[in-house]
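For reference, the structure discussed in these notes is given below.
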Amino acid sequence: MAGKATDKKVLALIEEVKKRKQEIARAEKPNWKTNCSFSFIEGKQADSINLHVTNDVRQLVKIVAFLIGQEKVYQEATVILGVEAPTFSWNGSSVADWTADVKNRINKIQIEDKRRQLNELEGRLDKVISPELRAEMELEAITAALK
């Protein structure tokens, strides 16, 4: 009886590992919303940060903090001036789009660590699979391959 309960738990954990690996696969191919070339000086490309290649999470956090501050000041200025100005953007993209791209980049940076952890968990799960469950899983794999 204990073997069946353990097998159910192992199967549930294997499914969770598969689900997380699929999430990683999606994060590896993000849908970028900006041109991914950020500069703290609007319109200046010489000192830009390429979101595709930077690995500095602290710098990425600074980008979003900077944009939030700029947007807030912009909105305060419209109130003071009594004007209805266009929505705030930075180098042609909204704060929401920049934030989404920064999140995508941070996810990509963290993927390797997540992948390593999942591979380790998968190895540990493989050690506790009962021979019966292993045979059942192999039969399911063969059946799926033959379809």
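The values are calculated or read from the model by the stated rules, or taken from the named source; none is laboratory data. Since the model is a prediction, treat every value here as computed from it, not as a measurement. Neighbour counts are summed over all protein chains in view; Cβ atoms, including those assigned to glycine, are modelled from backbone coordinates with ideal geometry.
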From (1) more than 24 Å from the chain's Cα centre (by Cα); (2) at pLDDT 85 or above, pick out the condition that doesn't hold for A2. (2)
For the stretch 58-76: of the residues being over 29 Å from the mean Cα position of the chain (by Cα) and surrounded by 12 or more Cβ atoms within 10 Å (Cβ to Cβ), which is farthest from F38 (Cα to Cα)? Q75
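Does the stretch 27-51 hold any residues that are in a helix (DSSP H, G or I) and either under 13 Å from V64 (Cα atoms) or of a type outside the set (A, V, I, L, M) (or both), and which are they?
Residue satisfying the conditions is E28 alone.
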Positions within the stretch 97-131 being in contact (Cβ under 8 Å) with a residue 60 or more places away in the chain, among the hydrophobic types (A, V, I, L, M, F, W, C) and not in a loop (DSSP other than H, G, I, E, B), in sequence order: W98, A100, I111, L118, L121, L125, V128
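Look through I24, I14 and report the one residue that is of a type in the set (V, I, T), under 19 Å from G123 (Cβ atoms) and either assigned to a loop (DSSP other than H, G, I, E, B) or within 16 Å of the chain's Cα centre (by Cα) (or both).
I24
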Contact list, first residue from the stretch 58-78 and within 12 Å of F40 (Cα to Cα), second anywhere and of a type in the set (S, T, N, Q) and buried (at least 16 other Cβ atoms within 10 Å of the Cβ), beta-carbon distance below 7 Å, six or more apart or interchain, is L60/T54; V64/T99
